[in-house]
Amino acid sequence: MLPHAGDHNRGVGESSGISGRVPPTVVVTDAGLPPQPGAPQPFRRLESDDPARIVLRQIDPTNFELVEGFRYVGPAGSWTVSPADLSRTDLASIPWFLGWFVSRYGTHTLAALLHDHLVSNGERLHPPVARHTADDVFRDALDDLGVPFLRARIMWAAVVFATRWRRVLIARLALVVWLAAALAGITALVWSAATMRPGLFVVALLGPIPFALFWGVREYRAGVVGGYTVWLVAAPALLNLAAYGIYAVAERGLRRLVAVRPDRRAADLPEPPPYTAR
């Protein structure tokens with residue numbers, strides 16, 4: 001996991017081009033799994049087969065640029081990621097509803113950086129890499145880094161959902177139908193268990209299998225994962241959202257109280273960030 005910005009500086013020059021409250025920082029950490037005798041290291045440094053490091057420079061409150069490149073050599077393929085390939089990255093682009101489950105950085109950081117590169121530059125590579133292929137590489141790279149199996153599949157399903165959502169309108173409509181069916185299925189599962197209706201319980205339990213087709217044939221497996229884990233994502237996300245709403249109200253209330261002092265104004269105190277940027 002990355003340390004706090006500025007915790008380490010191993011000879012990499014600092015930048016002075018960051019304005020505002022973001023300090024010119026360089027984040028350096030070793031990454032990947034500890035080398036095992038005879039085991040391949042999929043993420044490597046550019047100049048050697050030593051495990052890759054994550055070397056980033058913060059350029060604004062939420063984005064970084066890659067300072068030191070790395071190579072990926074694994075079952076999914078082989079790619080080189082140079083600083084020029086990732087001049088801007090937000091690390092793992094975690095949807096707001098998954099923020100409670102996985103952070104923007106951690107064991108998965110190198111896989112996220114590789115995915116960013118393949119998504120941003122895939123069409124210019126030789127051979128080209130389609131976005132759906134980049135999503136599959138992300139899943140395999142998560143496995144290479146030792147991310148737990150179920151967590152890796154949920155993260156993979158999330159990026160596949162995002163890829164599907166960016167397609168034509170009919171693909172979005174299919175996902176909307178799927179989401180409605182998932183909500184109905186969760187409701188039916190809970191209600192049937194509470195009222196002892198085994199027939200409805202079985203139908204609701206098996207529902208994600210056929211409804212995964214709304215994700216598309218190629219994305220079917222990700223749809224199955226999504227169907228059986230959406231409740232795991234949705235329930236904590238809603239509770240998390242409600243709790244953050246309480247915090248935001250309290251923050252704004254204290255902001256007004258502090259502003260009562262003659263030497264302070266409400267405009268001088270920062271607003272709580274929106275939930276999506278917390």
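Read the figures in this text as sums done on the coordinates, not as results from a lab. A quick note: this is a predicted structure, and the numbers were derived from the prediction, not measured. Ideal geometry is used to build each Cβ from the backbone, glycine not excepted, and the neighbour counts take in all protein chains shown.
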(request) Could you please report the charge total around ALA76, scoring K, R as +1 and D, E as -1 over all other residues with beta-carbon less than 12 angstrom from its beta-carbon? (result) -4
(message) Viscosity 1.306 mPa s, temperature 10 °C: give me the Stokes-Einstein translational D for the stretch 169-277 in µm²/s, with Rh taken as the Kirkwood radius over C-alpha pairs.
(response) 92 µm²/s
(request) Based on a Kirkwood Rh over C-alpha pairs, give the Stokes-Einstein translational diffusion coefficient of the stretch 26-165 at 4 °C and viscosity 1.567 mPa s in µm²/s. (result) 86 µm²/s
(message) Nothing charged except the Cβ atoms of Lys and Arg (+1) and of Asp and Glu (-1): what's the magnitude of the dipole of the stretch 169-277 about its Cα centre? Round to the nearest 20 debye.
(response) 140 debye
